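Chemist: Okay, handing you the structure first.
Just so you know, all these numbers are worked out from the coordinates, no wet-lab data involved. Please read these numbers as outputs of a predicted model, since none were measured by experiment. Neighbour counts are summed over all protein chains in view; Cβ atoms, including those assigned to glycine, are modelled from backbone coordinates with ideal geometry.
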Amino acid sequence: MHSEVCQLDPVDVIPAPGQLAALSMQHVLTMYAGAVTVPLLIASALRLSQQDAAYLVSADLFACGIVTLIQSLGIGSFGARVPVVMGVTFVGVMPAIAIAQQPGLGLPGVFGASIMAGLLVMPLAGMVGRFRNLFTPAVTGTAMLLIGLSLMSVAVDWAAGGAEASDYGAPRNLAIAALTVVTILVCSRLLRGFGANCAILIGMSAGYLVGWLAGMVNLENIASEPVVRLVTPFHFGVPVFDPVAVISMIIVLMVTMVESSGMLTMLGEIVDRPMNDKRLASGLRADCIGAVVGGLFNSFPYTSYAQNIALVSLTGVRSRFVCVGAAVIMMALALLPKLSTLVAAIPPSVLGGAALILFGMVAVSGIRSLAAAGLDKSRDQMLIVATSLAIGLIPSMSQRFFAHVPDALAPFTHSGVLLGILTAVALSFFLRRQEIPGAAAVAPPATPETILA
């Protein structure tokens, strides 16, 4: 009788093959634009070749699939066993770029930091409740706002055609960026449900098509790519384990774990599988193993994507095997280098148009979190946010401010996000005298991944 009851749990039901395939593809389409933006962003910042950018896209999708399998299907004490899709987090973008730009580190330094941070933070998964007191709405909101503001300059350069483009700011670049923005806004306004969730993907597709018709898409490298190619560990070299880089990535993981705890708790309520301490710890351990998997397979730390949680609520389909199917699709797509090269060939102005909205929404998610910080009720909270924002914006405002700081600290001094988080945590610890009436104890689930969901 007990097994029959378990089989009736909607979370554990396996849909019919046709329905499973369709629902799984819905999840892939919902998260695809956000997922591929991060590797393309990092590739652009590091001035990687189109081939290397394409490989980062493949690696990202492959790692997305593995981590989603672990989280949804569950392996031992890893995975919350609920319908969740994992994607690379925006929180780690600026720290990853800061690490990769350091001499002797590069991408291997990023991957090594991700691997080591995942292993070191994993034992803390069961104690995340204690860290919530440090990562208050003021801290997480400041972090999200800094991420959005720091990335906005990249979006502007993309929209103009790319920072080093000879036709920077040309009318056709601005026109295609504007077309992408307008398409996203129209789709978000007129479409409902799944269609609205795919607004950014639709906008990028429309911009890509127009860019191709205008002769702005270089597809020469597609012919030279094989039909199928495995994603292999250490493609960019053996990981480098730099202590400062590892510490910076540990901070990234702590922030994403606090966010994930809110996401998983919300998802548990949606699918009627409450997140008790044991299940939540298993889910957060999957976040940590995601950082390890990401580092091994040339990618970055992962977190649950809010737009896919919104899709679960929208469709009412609670089966975790739908997300298992999505994981299989993502891993299959990762084996198609021609597709990844097609994605990497997207015109910068198209990326810029989408990124203006995408990064703007990242900033807005921070504002939403700050709204729960009780700024209107506490001068201390205002000081925390004001000081953290000011310090966090220093690297974006001045390249020379930390010119005489030791190079070993560059992963921190070159990342405004980390500077802002550290400042906010320190000030929260020293200035917070009592709980603010009307302020949330933990930041609401407003994350960089809550894009038009």
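Chemist: Can you put PHE300, PHE111, PHE241 in order, fewest other beta carbons within 10 Å first?
Modeler: PHE241, PHE300, PHE111
Chemist: Cut-off is 10 Å between beta-carbons; in what order do GLU220, GLU225 appear when sorted fewest neighbours first?
Modeler: On the way: GLU220 9, GLU225 17.
Least crowded to most crowded, the residues run GLU220, GLU225.
Chemist: For the chain, what is the mean residue ellipticity at 222 nm derived from helices alone (per DSSP H run of n ≥ 4: -39500 (n - 2.57); sum divided by total residues; nearest 500 deg cm²/dmol)?
Modeler: Values: 20 runs with 293 residues, N = 453.
Computed mean residue ellipticity for the chain: -21000 deg cm²/dmol.
Chemist: Using unit Cβ charges (K, R positive; D, E negative) and no other charged atoms, how large, in debye to the nearest 20, is the dipole of the chain about its Cα centre?
Modeler: Numbers: 21 positive and 21 negative charges, 120 e Å.
In total the dipole reaches around 580 debye.
Chemist: Listing PHE402, PHE234 from the residue with the fewest other Cβ atoms within 10 Å to the one with the most, what is the order?
Modeler: The most exposed by this proxy come first: PHE234, PHE402.
Chemist: Pull up all non-local amide H partners of PHE78: gap of 5 or more, or a different chain, and H-to-H distance under 5 Å with H placed in the peptide plane.
Modeler: Here nothing satisfies the definition.
Chemist: Arrange the peptides 134-141, 188-195 so that the one whose residues have, on average, the most other Cβ atoms within 10 Å appears first.
Modeler: So the peptides 134-141, 188-195, ranked by packing, come out 134-141, 188-195.
Chemist: Turning to a different aspect of this structure: Stretch ASP407-ILE14 to full length: gain in nm at 0.36 nm per residue minus the Cα-Cα span?
Modeler: In short, 136.2 nm is gained.
Chemist: How large is the Kirkwood hydrodynamic radius of the chain, counting all unique pairs of alpha carbons, in Å? Present the calculation step by step, with values, prior to reporting the outcome.
Modeler: On the way: mean 1/r = 0.0454 Å⁻¹.
Kirkwood hydrodynamic radius for the chain: 22.0 Å.
Chemist: Quick one: which residues, 5 or more positions from VAL13 or on another chain, have an amide H under 5 Å from its amide H? H modelled 1.01 Å from N in the peptide plane, none for Pro or chain starts.
Modeler: ARG320
Chemist: Which length gain, in nm to one decimal place, applies between LEU209 and ALA390 when the Cα-Cα distance is subtracted from 0.36 nm times their residue separation? If you can, show how the numbers build up before the last one.
Modeler: On the way: separation 181, 0.36 × 181 = 65.16 nm, distance 4.05 nm.
Taking 0.36 nm per residue and subtracting the Cα distance, the gain is 61.1 nm.
Chemist: Rank-order 346-352, 103-109, 63-69 by packing density, defined as the average count of other C-beta atoms within 10 Å over each peptide's residues, highest first.
Modeler: Descending packing order for the listed peptides: 63-69, 346-352, 103-109.
Chemist: Putting +1 on Lys and Arg Cβ atoms and -1 on Asp and Glu Cβ atoms, find which of LEU46, ALA163, PHE90 reaches farthest to the positive end of the dipole of region 24-166.
Modeler: Among LEU46, ALA163, PHE90, the one farthest towards the positive end of the dipole of region 24-166 is PHE90.
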